[in-house]
Structures are given as C-alpha cells and as structure tokens.
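The values are calculated or read from the model by the stated rules, or taken from the named source; none is laboratory data. These figures come from a predicted structure and were not determined experimentally. Positions of Cβ are generated from backbone atoms using ideal geometry, with glycine treated the same way; all protein chains shown enter the neighbour counts. What goes into the accessible areas is simple: the full protein's heavy atoms, side chains included, and nothing from ligands, DNA or RNA. Shrake-Rupley method; radii C 1.70, N 1.55, O 1.52, S 1.80 Å.
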Amino acid sequence: HVAEWVDGEKLSQSTADDVGALVNLGVITYLTQLLEFGFFHADPHPGNMMRTTDGKLAILDFGLMTEVTDNQKYGMIEAIAHLLNRDYTEIGQDFINLDFIPPNTDTKPIVPALTKVFDVALAGGGAKSINFQELAADLAQITFDYPFKIPPYFALVIRAISVLEGIALVGNPNFAIIDEAY
C-alpha cells in the first residue's frame, strides 16, 4: 500500500473550467473499474475526488472497494442494453442473472411492474431522463411485492453510481450516466 500527498482542491469546490470534463472522466473511470475490471472504488463522494494543481483528476481513499464477478459484469452490460432497447421481457432474466431474483422464478408476473418502472424512467427523453436515485427507489418498492432481493455487491454499485450521477448533474444538468455506461 502506498500513500502520498496530493495537492489540489475538491472537485466539487473547484471553479476551474475543466471541472465538467474531470467529472466525466471520473464517471468513465468508475464505470471502467466496474464493467471492465470488476473491482472498483465504492465510495466516490465529492471529498474523494480532487482536481490536482496541474489539472488532473485524483481519486482518493480506496478504503471501500468491492468486486463483481464476470457474470455480474456481463449481466449489468446486458441489462443496460435491454433497458435502452426497452426489451423488458429480457430484463426479468437479467435480474435472475444478477441475483436479484432466485433462479427458476417465473418472471412473467414481474415484467409488467418492471415495464411500468422502466417506462417512467425512460419517458420524455430516453436514457438522459433516467434518475438512478428515483429508479432505485421504485425498484425498492418492487422488492416488497415480488421475490426480489438486493444483492450486497449491487447495494455498493447503486450507491456509487447515484453519488457519481449527483456530482455530474451539478456541473451538467443534461448528464446521463447510462449513456456513459452504454
């Protein structure tokens, strides 16, 4: 383990012209960690992202990390593709693959509820209109009505994505994290 001092300012407090680009870089970095390497920094709050004095992005505090399996990575990628293509019948299987729903569960009764949630999430602007915090809340309600569970790895994923989305939306109200993931 190596620790070093990094000079700079919190990205969320910087007034530099390149903050938007650095936020986008941070989002892409996290998504690359998650979807390519399967090992990612699970605590991306504004205090853990800095703009260095030479204009680079520094990500700090790697104390909370999590790992996802190859099947979970591919499952998330497939779910994103199915969501964007509004192929909701496949999202039921995606949720089984991602350990949200027990194997061998008949997802046909769940698909209408998922369709309603995702149609609302995608209404009026496609992927750019998805607010992951609201989507997570709507999906949480479904977990009470159907045999859903939120796998521990995904709780950290959605937390990190929600925080990153919030940081990015401050600098760019048209930011859509799902576009970056896709």
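Quick notes on this one:
- Complete set of residues in the range 44-85 that are of a type in the set (S, T, N, Q) and either loosely packed, with under 13 Cβ neighbours inside 10 Å or free of Cβ contacts under 8 Å to residues at least 60 places away in the same chain (or both): ASN48, THR52, THR53, THR69, ASN71, ASN85
- Filtering GLN33, GLN93, GLN72 for residues that are within 26 Å of TYR153 (Cα to Cα), part of a helix (DSSP H, G or I) and in contact with a strand residue (DSSP E or B) (Cβ under 6 Å, 6 or more places away or on another chain) leaves a single hit, GLN33.
- Selection within the range 86-119 - without any contact (Cβ under 8 Å) to a residue 12 or more places away in the chain and at positive phi: ASN104
- Criterion (modelled with pLDDT under 90 and under 16 Å from the mean Cα position of the chain (by Cα)) met by exactly one of THR15, THR32, THR66: THR66
So that you can scan it fast, the table gives a plain yes or no per residue for (1) in a loop (DSSP other than H, G, I, E, B); (2) open to solvent by 40 Å² or more (accessible area, probe 1.4 Å); (3) at pLDDT below 75:
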residue: PRO109; (1), (2), (3): yes, yes, no
residue: PRO112; (1), (2), (3): no, yes, no
residue: GLY124; (1), (2), (3): yes, yes, yes
residue: ALA127; (1), (2), (3): no, no, yes
residue: GLU134; (1), (2), (3): no, yes, yes
residue: LEU139; (1), (2), (3): no, no, yes
residue: PHE144; (1), (2), (3): no, yes, no
residue: PRO147; (1), (2), (3): yes, yes, no
residue: ALA155; (1), (2), (3): no, yes, no
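- Residue selected from the range 2-19 under the condition assigned to a helix (DSSP H, G or I) and open to solvent by less than 40 Å² (accessible area, probe 1.4 Å), by the criterion farthest from GLY47 (Cα to Cα): VAL19
- Single unsatisfied condition, PHE40 versus (1) open to solvent by less than 40 Å² (accessible area, probe 1.4 Å); (2) assigned to a helix (DSSP H, G or I); (3) in contact (Cβ under 8 Å) with a residue 60 or more places away in the chain: (2)
- Restricting ASP54, ASP61 to residues that are over 16 Å from LEU139 (Cα atoms), touching an Asp or Glu at 6+ places or on another chain (Cβ under 7 Å) and either of a type in the set (Gly, Ala, Ser) or at pLDDT 85 or above (or both) narrows the list to ASP61.
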